[in-house]
1. Going by alpha carbons, how many degrees (0 to 90, nearest 10) lie between the helix axis of 14-32 and the longest principal axis of the chain?
2. Return the long-range amide H neighbours of T107 (sequence gap of 5 or more, or a different chain), with a cut-off of under 5 Å between placed amide H atoms.
3. Give the angle, between 0 and 90 degrees and rounded to the nearest 10, that separates the Cα long axis of helix 2-11 from the longest principal axis of the Cα atoms of the chain.
4. From the backbone phi of the stretch 89-95, what are the Karplus-calculated ³J(HN,Hα) couplings (6.51 cos²θ - 1.76 cosθ + 1.60, θ = phi - 60°) in whole Hz, Gly and Pro given as x?
5. Just order 143-150, 82-89 by mean Cβ neighbour count inside 10 Å, highest at the front, would you?
6. Any chance you could give the angle, 0 to 90 degrees and rounded to 10, that helix 38-71 forms with the longest Cα principal axis of the chain?
Amino acid sequence: MIASLHAWWIARAPREKRLIAAMVALMAIVILWLGVLRPVTRGLADAKAAHRVAIDRAAGVKAGLALLRHAAPRPPRIDGPLDQFIASSAAEAGFTLDGNTAAGPDTVSITIGAARAPALLAWLSTVEAKGLVIDSAAIQPGANRTVSARITVRRVTR
């Protein structure tokens, strides 16, 4: 095949050889431009646009996070013995504590013999909203749609 192509090239006149060489050079330039340069340029432009969008999105998320950190009010600090605070809070919510044992200055373990589950969980939510942490809660079903609970509450130290 190369021999037949070489024979064909030799048979061309010098003017034809120059025209064919010019055509091949122009064809190579067009193929490089359309097949390589334009797709690479378009890909780079798309990547830059996607990068700008990602940077804007990340800045928005960081700004929102900063707003949340500064806008979220910190719960008030509970002064005094934690077991007394839990006892008074439970009494206000209508619960009778069967056990209220301080397990250190910042931890208390309580036992409630009978309570309605929705009311107990709502009270635990208010306790957490006041800046305390429920370390553990063991809730067992009881009679007449009630539950019994053993709960450990801890004060958050800052």
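Readers should treat all values here as calculations from the given coordinates under stated rules, not as data from a laboratory. Nothing here was measured: the structure is a model prediction, and the numbers come from that model. With ideal geometry, Cβ positions are generated from the backbone for all residues, glycine too; neighbour counts draw on all protein chains shown.
1. The two axes meet at around 0 degrees.
2. Long-range HN contacts for T107: R155.
3. 50
4. Working through the residues one at a time gives 5, 5, 5, 5, 7, x, 9 Hz.
5. Values: 143-150: 13.6, 82-89: 16.9.
Final packing ranking: 82-89, 143-150.
6. 10
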